[in-house]
Amino acid sequence: MTRVGVLGPGTIDIIELPGQEPVQRPGGTTLYAARALRFAGAEPVVIETPGLVISRLRHTEEGTVQAIDRVAEPADPGWLAERLDRFDGCSWVMLGGQTADDFPAGTIALLAEHGHRMLLDVQGLARGNRPGPVELRPFPIEAIGPVDAIKLNAAEARAAVGGDTPDQVRRLGVAEALFSRGPHGALLILPDREVDVSASGDTFSDPTGAGDSLAAFYSLARTRNAEPEEAIRFAVERVERLYTA
């Protein structure tokens, strides 16, 4: 069975959907990426970083409003080194942070030194490192480190590089950028071209974790030696299947 690594903090989500009372439940990248990988018949290899994030998400027709009540501790290189052998056999590792300090530069470098290819969700970098209402902001491009792919959405791109066009996203210097459009699909931004993959546009009744799932499916396809164009098509199709079932 194909193994894909997932690294990130455990999370408790307090989720409010339109017309419903808030519900508290486990969440975060480690949960939603693992669920997606199992859905696709793969084996998630999850390492949860120290501490526990508490996140409040209010989904509305206009989008999602989020606050972070508590942040996790950084996954320091020394801490990860003691556990890194668990990722043996994982050619790709997905980094799913919630805030900017989750993955120090040395931690990303350590994974690269051990031959792991990485997909980083830049949502955490754009959120900063303090609890409170999420306000997206710029971050140092060097914080991305030597990853092979990133996942972001339009708001995160505007915060990071001042705009959400493909050429602006390319300023982040990563070869494969998954630009998520939620139920409308995704745009894969490569150094010399874009691959636009549309979805039905059907609204997800609960969109929590859809971006994590997109990144997980993409990482799985790349692990299986799919080319980027094939991988993004696989990822978009699987997200729609998972979230509209």
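A few comments on the model shown:
- Residue in the range 195-214 that is open to solvent by 40 Å² or more (accessible area, probe 1.4 Å) and either β-branched (Val, Ile, Thr) or under 18 Å from the mean Cα position of the chain (by Cα) (or both) present: yes
- If the condition is being in a strand (DSSP E or B) and open to solvent by 10 Å² or more (accessible area, probe 1.4 Å), then the range 1-12 contributes 3, 12.
- Flag: residue 196 does not match the condition of being modelled with pLDDT of 95 or more, charged (D, E, K, R), part of a helix (DSSP H, G or I) and at negative phi.
- Scan of the range 215-230 for residues that are open to solvent by less than 20 Å² (accessible area, probe 1.4 Å) and touching a strand residue (DSSP E or B) at 6+ places or on another chain (Cβ under 8 Å), ordered by number: 215, 216, 218, 219, 220, 228
- Qualifying residue in the range 155-165 (condition: over 21 Å from residue 94 (Cβ atoms), open to solvent by less than 40 Å² (accessible area, probe 1.4 Å), touching a residue at least 40 places away in the same chain (Cβ under 8 Å) and not in a loop (DSSP other than H, G, I, E, B)): no
- Test: residue 221 is of a type in the set (Gly, Ala, Ser) and in a helix (DSSP H, G or I): yes
- Beta carbons closer than 7 Å, at least 6 apart along the sequence or on distinct chains, pair a first residue in the range 10-30 that is touching a residue at least 40 places away in the same chain (Cβ under 8 Å) with a second that is assigned to a loop (DSSP other than H, G, I, E, B) and surrounded by 19 or more Cβ atoms within 10 Å (Cβ to Cβ) for 10/28; 11/28; 11/98; 13/208; 15/208; 27/208; 27/209; 28/98.
- Considering the conditions (1) modelled with pLDDT under 95; (2) touching an Asp or Glu at 6+ places or on another chain (Cβ under 6 Å), residue 96 is excluded by exactly one of them, (1).
- Of the helices (runs of 4 or more DSSP H) lying entirely inside the range 13-120, the ones with 1 or more residues being touching a strand residue (DSSP E or B) at 6+ places or on another chain (Cβ under 7 Å) and of a type in the set (S, T, N, Q) are found at 29-39.
The values are calculated or read from the model by the stated rules, or taken from the named source; none is laboratory data. Given the structure is predicted, the values throughout are model-derived calculations rather than measurements. We place every Cβ from the backbone using ideal geometry, glycine too, and count neighbours over all the protein chains shown. Protein only, heavy atoms only, side chains kept; ligands, DNA and RNA dropped before computing areas. Shrake-Rupley method; radii C 1.70, N 1.55, O 1.52, S 1.80 Å.
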